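This report refers to the structure that appears directly beneath it.
Values in this text are rule-based calculations from the coordinates and carry no lab data. In this text, all values refer to a predicted model and were calculated from it rather than measured experimentally. When we count neighbours, we look across all protein chains shown, and the Cβ atoms used for this are built from the backbone with ideal geometry, even at glycine.
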Amino acid sequence: MYALLDRIETKLEDLKRRNFALFRRDFLLSWDKNDDDIVGTLILAEILQELYRDNVSLRAFETGLAVSLFRDKSTRTRLAFSSACDMLGLAHQEVDEQKSQIAHGETTRETANMISFLSEVIGIRDDMFFGRGHAFMREVAAALGDGFAGGILNHRPAVINLQCDLDHPTQTLSDLLHLKRFFGGIERLRGKRIVMSWAYSPSYGKPLSVPQGVVALMSRFGMDVVLAHPQGYDLSPDVTAKAARFAADSGGSFRVLHDMREAFRDADAVYPKSWASYRVMERRAELLKRGDLTGLGDIERECLDENARHRDWHCDEEKIALTRNGSALYMHCLPADVQGVNCEAGEVSRQIFDRYRLETYREARHKPFIIAAMIILCCFRDPISLIDGFYRRKRQRAL
Amino acid sequence: MYALLDRIETKLEDLKRRNFALFRRDFLLSWDKNDDDIVGTLILAEILQELYRDNVSLRAFETGLAVSLFRDKSTRTRLAFSSACDMLGLAHQEVDEQKSQIAHGETTRETANMISFLSEVIGIRDDMFFGRGHAFMREVAAALGDGFAGGILNHRPAVINLQCDLDHPTQTLSDLLHLKRFFGGIERLRGKRIVMSWAYSPSYGKPLSVPQGVVALMSRFGMDVVLAHPQGYDLSPDVTAKAARFAADSGGSFRVLHDMREAFRDADAVYPKSWASYRVMERRAELLKRGDLTGLGDIERECLDENARHRDWHCDEEKIALTRNGSALYMHCLPADVQGVNCEAGEVSRQIFDRYRLETYREARHKPFIIAAMIILCCFRDPISLIDGFYRRKRQRAL
Amino acid sequence: MYALLDRIETKLEDLKRRNFALFRRDFLLSWDKNDDDIVGTLILAEILQELYRDNVSLRAFETGLAVSLFRDKSTRTRLAFSSACDMLGLAHQEVDEQKSQIAHGETTRETANMISFLSEVIGIRDDMFFGRGHAFMREVAAALGDGFAGGILNHRPAVINLQCDLDHPTQTLSDLLHLKRFFGGIERLRGKRIVMSWAYSPSYGKPLSVPQGVVALMSRFGMDVVLAHPQGYDLSPDVTAKAARFAADSGGSFRVLHDMREAFRDADAVYPKSWASYRVMERRAELLKRGDLTGLGDIERECLDENARHRDWHCDEEKIALTRNGSALYMHCLPADVQGVNCEAGEVSRQIFDRYRLETYREARHKPFIIAAMIILCCFRDPISLIDGFYRRKRQRAL
């Protein structure tokens, strides 16, 4: 146990100096959180990983429910959420909208309370429609505040954003933790160049949450953040404005380039990934609202045609050769469109993907711990003494 | 802990005086249970709520399964069941009939045993077809008795009715607990007037379980129970006969009226809710058995037309003004058809619903605790010493 | 506790003498396992049953995930897996391929790792397509080995075969345990005649996993194993060759007969069950690969016609009368096609099935314990001291 204590001691000390503002709040958008919340979540996730590795039980709840609402397909985030909840002792119960009847307005307020009587966390994924996901999460969060204020709920459950139309914080904080560990510390990120680049995919309409989340997060730590995409594939101007301000505040930089090769030059990390522009997303949301199927078909065809003009936005040996020492870290939230594996032409060549395959797994495996750290910070007033209790009680996870 | 003990002491004393007949039995129909079982369940649910509020772990099982079988859509009851099971330490596993192949007869007997080898509770919802739900639950219960007698099952799991064609006891006991707390005690219900009233809804074929369960339950506690509905919307005569007998035995009364305004006059509590008459339900069950789709279409149209003739059976400001001091408690099992919210015309006006919204949430939040109390009474020979153990071992639910 | 200790002591002593090769391995095919793994799993399952009966908590994990992947319908195996995992303290999370997008090749490797970051066990059912199920399980297992070697996974989860195209070890080990208990010990099986017989069913394409698993397992214990089927309903020659070799090694025998009556003569146990021949399975797999729907329709019709020629392969009073003392043990993995119950003509007569109904339940109820034993042997280096700890810590399963 001493060896473990040694390993986590500095981290615990660091944690003690942080001012958290998450208790009884939600984790919806990283850009609404202060630096202590962000970095604290990372450090706590690392501590949990160390304790888990040493077979220390992280059971913080004897009983309790974690409810999830998935409005889009998901294997990995679902499992990551399940793993995080189970790790802390919560039972994961999924609310299936096919089997129920969740709608907006009054009904959201009601359902939010009904699923929360004995819940600690509500995890929501709603990334399909621009303008909807984040709004829905805020609606749920408001209803929970209302139910708690009205004496209905014993405590206010935390809403965790498992991907919305704007941001994907459980993913981007995992990405950040991966960068931190790869480069040897959060301070070492200062001056490092990271490229969030659009890349060609044969599919259409991938959410903006990852690219938006990445530029708005990495710009806070003094990194040189480059956003690269063909003309017309813009992210939401609100979010890029935030990235620019964060960069200015943190002593980093934020630039938008329209040339993948130029962007890759001297990069320390690259994140090539497809998305649809926010303007397309807005038009699509409008058509969906009107139920205009012809319009939706038209826009899909139009977008696929436009995508096809940018097949050269592809991460391969030649592009990676342009990066710092030809060895920038390749990043992806997975699953990637790998050329010759799951598509004819896609975001990345098989060669590059294979070289970095285990790195992308490392990036991904932080996610359950990031989610668990968020839950702890949202549910426990004193996370330090919780952690302290974990290794003091010497309870083994597996006998 | 002493403060808590003070709060629950009287309730524990009361509980000790009760004679429970639930151990190793099922909870299918409230009218088959004795008063001690009913009132004891309420008191136990209140004790559990107090303990939960004080962060006392209610884990009664280290491991164990609770299996549910939902033959109708459900978000709330599903979550309430999950919450109740998790609260006691049971893992909830749902048996999905789409993914399996459960049928009647021999197969029910077999499946009942197969899902029960390590189960403590089987929760069933089967409310779609009149004449089927309760029969199916009894079939499962008999199979479990058979399996236990044959030495197949280690113990006999309890079957809990999560809504059948006849009754919905987890709902109506929550309703009763709500009444008890609202009026300040079960004894205070004596002489209070409660109106279970039909109300207009644009949908068709809502089950009889709630209105039947309400009149057959509330009539046991000396209340003046009024059942109100347009001509032709009768409940099952068996059930109304039970209500009449209970009322006579308890010193209350039971009347059927066909005028909503007259019914609401001087009411202390009103429960306006749509249902289909038992005669329609019987015809529908017959048509379903024969697979007569034309007949089913005809009956639906006929019923919707009939419903439309009773749009004035609507709970609004003017009706509530007729109740005692114009302030009767509005009750509903949720979700309600609220005019201008989820329907153009429905059971209740927005104004009334909004005024009582938090009350309906309070009514609903008893359900997980009612279910947990039922499980405890069915699974533990000595519930008092179980509760005693809960606060003696001082185990916190959340660290 | 002493009484319990007495009951399990001999079994524990026996267990100590076994050399297990399962730790950090998988349980895919029984014929790849050594005798100690097989018999040890049985003994451990019996010990777990004794402890469970005495209300001893078998919680080996404070937290941890068990992930299942069902590529075919299943109620019983699903529940058995859930029960086994819950018994040991693992939360069961099912990965639904409809809601995700699991494919072969690179993607299997990736998904296998993504679902395993905090998992102890991966249970897979994939029995629909000949040539695929076992291959898929090996692919997953290889990916997990790869992920562990690459430092991605904290430990290597065990893959448990919950039925593949070739074998169904959780079923056949339950069958073997049933035989062991019925005849009074594994040694008592020596010289006993067991008949794995094809039987008529109105359905088509039942997997080969059970008959193959049964002949390849029972032949290891000195039994006289008879495989009986009409001409053309052959099992895979690889598997029958294994059965023959096992029989030779164990001092038993293995014969194939094409006459049900002859096969039943002097049998001690009979296992009449429908299947499709491996040649049909191979052709079908080929047609499926080519998406040849006409071909698939043709083969189905052809097979049903062929089946119909063998309606006399039916287990009834007259056939059972041929067995040793007219009272061979009737076995089935359930659900059986029972004549006059769930089909007009089927594997077994109602009379026979009813006589042995409780025996088939006994056979089935071993399964959760067999699965739990497999998990323990795959996840714990020292299963003896785990069991020792279970009864030493005196933790009750239910309070």
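What to note about this one:
- Percent of beta bridges antiparallel (DSSP, chain B, rounded to nearest 5): 5
- Using only the C-alpha atoms, the convex hull of the protein assembly as shown corresponds to 185 Å³ per residue.
- The other copies place their C:Glu282 label points at 6.2, 6.3 nm from this one, listed shortest first, where each point is 7 Å from Cα along Cα→Cβ.
- For chain A, the membrane-span-like helices by this rule, meaning whole DSSP H stretches whose C-alpha atoms cover at least 15 Å of axis and whose Kyte-Doolittle mean is 1.6 or above, are A:367-379; this says nothing about an actual membrane.
- Spherically averaged projected area in nm², based on the convex hull that wraps the Cα atoms of segment C:269-399: 14.0
- Each of C:Lys11 and A:Asn325 was given a label point 7 Å from its Cα along the Cα-to-Cβ line. The distance between the two points is 5.9 nm.
- One residue of chain C places its C-beta nearer than any other to the axis carrying C onto B; that residue and its whole-Å distance are C:Ala91, 4.
- Under 5 Å, built H, 5+ apart or other chain: amide partners of A:Ala158: A:Val121, A:Ile122
- Between the beta carbons of A:His258 and A:Arg350, assuming R0 = 25 Å, the FRET efficiency works out to 0.40 to the nearest 0.05.
- Selected from A:Arg25, A:Arg220, A:Arg355 as most flexible by GNM, with chain A as the system and alpha-carbon contacts under 10 Å: A:Arg355
- Approximating the spin labels as points 7 Å out from Cα along Cα→Cβ, the B:Asn34-to-C:Arg245 distance works out to 6.8 nm.
- Between copies, the label points at B:Glu344 (set 7 angstrom from Cα along Cα-to-Cβ) are spaced 5.1, 5.1 nm, reported in nanometres from shortest to longest.
- Antiparallel %, DSSP beta bridges [both residues in the protein assembly as shown], to 5: 5
- Of B:Leu79, B:Leu88, B:Leu166, the residue with the greatest mean-square motion in the GNM of chain B, using alpha carbon springs below 10 Å, is B:Leu79.
- For segment C:212-346, size of Cβ-based charge dipole, Lys and Arg +1, Asp and Glu -1, in debye: 420
- Each Lys and Arg contributes +1 and each Asp and Glu -1, all at the Cβ; summed about the Cα centre of the protein assembly as shown, the dipole is approximately 2900 debye.
- C-alpha center-to-center spacing [segment B:157-192, segment B:275-332] in angstrom: 23
- Within a Gaussian network of chain B (alpha carbon springs, distance under 10 Å), most fluctuating of B:Pro157, B:Pro335, B:Pro211: B:Pro335
- When shorter helices are ignored and each DSSP H run of at least 4 residues is given -39500 (n - 2.57), the per-residue value for chain A at 222 nm works out to -15000 deg cm²/dmol.
- Between B:Asp266 and C:Ala308, the simple spin-label model (points 7 angstrom out along Cα→Cβ) gives 7.5 nm.
- Pairs of lysine residues in segment B:172-364 that meet both criteria, 8 or more places apart or on different chains and Cα atoms under 26 Å apart, total 13.
- Charge dipole (debye, nearest 20) of chain C; +1 at Cβ of Lys and Arg, -1 at Cβ of Asp and Glu: 1000
- Residue by residue, segment C:323-330 carries 3J(HN,Hα) couplings of 6, 4, 6, x, 9, 4, 6, 8 Hz when phi is fed to the Karplus relation 6.51 cos²θ - 1.76 cosθ + 1.60 (θ = phi - 60°); x denotes Gly or Pro.
- Since only C:Ile186, C:Ser174, C:Ala308 are under comparison, the one whose Cα sits farthest along the positive direction of the charge dipole of segment C:171-364, derived from C-beta charges on Lys, Arg, Asp and Glu, is C:Ile186.
- Using only alpha-carbon positions in segment A:249-342, the gyration tensor eigenvalues give semi-axes of 32, 17, 12 Å once each is multiplied by 5 and square-rooted (largest first).
- Taking amide H atoms as placed 1.01 Å from N in the peptide plane, the amide H of B:Lys273 lies under 5 Å from those of B:Ser197, B:Trp198, B:Ala199, each 5 or more residues away in sequence or on another chain.
- Segment C:1-22-segment B:19-63 distance, computed between alpha-carbon centres (Å): 39
- B:Gly184 label point (Cα plus 7 Å toward Cβ) to equivalent points in the other copies: 7.4, 7.4 nm, shortest first.
- Cα gyration tensor category, rounded, prolate or oblate, for segment C:171-364 with a/c compared to 1.5: oblate
- When the Cα positions of C:Thr41, C:Gly205, C:Pro383 are compared along the charge dipole of the protein assembly as shown, C:Pro383 comes out farthest toward the positive end, with charges on each C-beta of Lys, Arg, Asp and Glu.
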